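Heads up: the structure comes next, in structure tokens.
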Amino acid sequence: MSKSFIRKLDARCKLYWLLIYTLVTIISWQLRGTAVCFAVAVLMVILSGYTFADIYRSGSLLLIAELVASVIYMIAVGPLTGVSLLMKLVSVTAACIVFSRTTSDAEIPDMLTMGLGVKPSTARVLTGMIIYLPMMGREHRRTDAVLVSRGIGMGKFRDRLWRRLITIPPRVKTAYRRVRGIMTSMTLRCYEQSSGRIRVSPLRYRRVDAVAFLLLVLYVVVCVAVMVI
């Protein structure tokens, strides 16, 4: 998993891929174009080194909500439109999960400043906001695994629901403590200062990023051609 293609990419390259991919997926107006975007999302999951089960566990509630909304939209508008909407939502969700799971917390500040030109002081706040939810997800999986290993909350639906409810307070507290620790370390490294600032994770483009950018251009060209022709 550590040697997967997407993990080798620079964080800025992954950010540009995510933004452009999301934009193209949203504006695709034909089912053929949406199918291409969905196929690219499947390829992203494969290249990330994660399984589809890992992606589902990371965003199970969101994916189920998208399925319900698409079914309602399918009944109200039409089957093809509903299927297209479902493919768009699932594709963007999968891309976001792959991005969050293959990008380390230390890469996010420099990705924002060097990739989007965000000020260091603003990047520090945005970093805390971006990593908080993924951090809560990791804490949930960790505490859930501990409870299951001890036989707590197994069996009936009521027991499983109770297991999830009792893990909410420690998850929130632990995730907040870790995010605060990261933001404090950024302050101690003078991250908000314009001069003498130490970068959390130095970023530099490599040959693999050039390949990714070429694939991005090819993806946009193919999507436009499929939607226009």
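What follows draws every value from the coordinates through simple rules; no lab data is involved. In this text, all values refer to a predicted model and were calculated from it rather than measured experimentally. Every residue, glycine as well, gets a Cβ built from its backbone with ideal geometry; the counts of neighbours run over all protein chains shown.
Within the stretch 1-14, the set of residues being among the aliphatic types (A, V, I, L, M) and surrounded by fewer than 20 Cβ atoms within 10 Å (Cβ to Cβ) comprises Met1 only. Taking residues in the stretch 28-54 that are charged (D, E, K, R), and partners anywhere that are part of a helix (DSSP H, G or I), the pairs with Cβ atoms closer than 8 Å and at least 6 places apart or on different chains are Arg32/Val226; Arg32/Met227; Asp54/Arg101.
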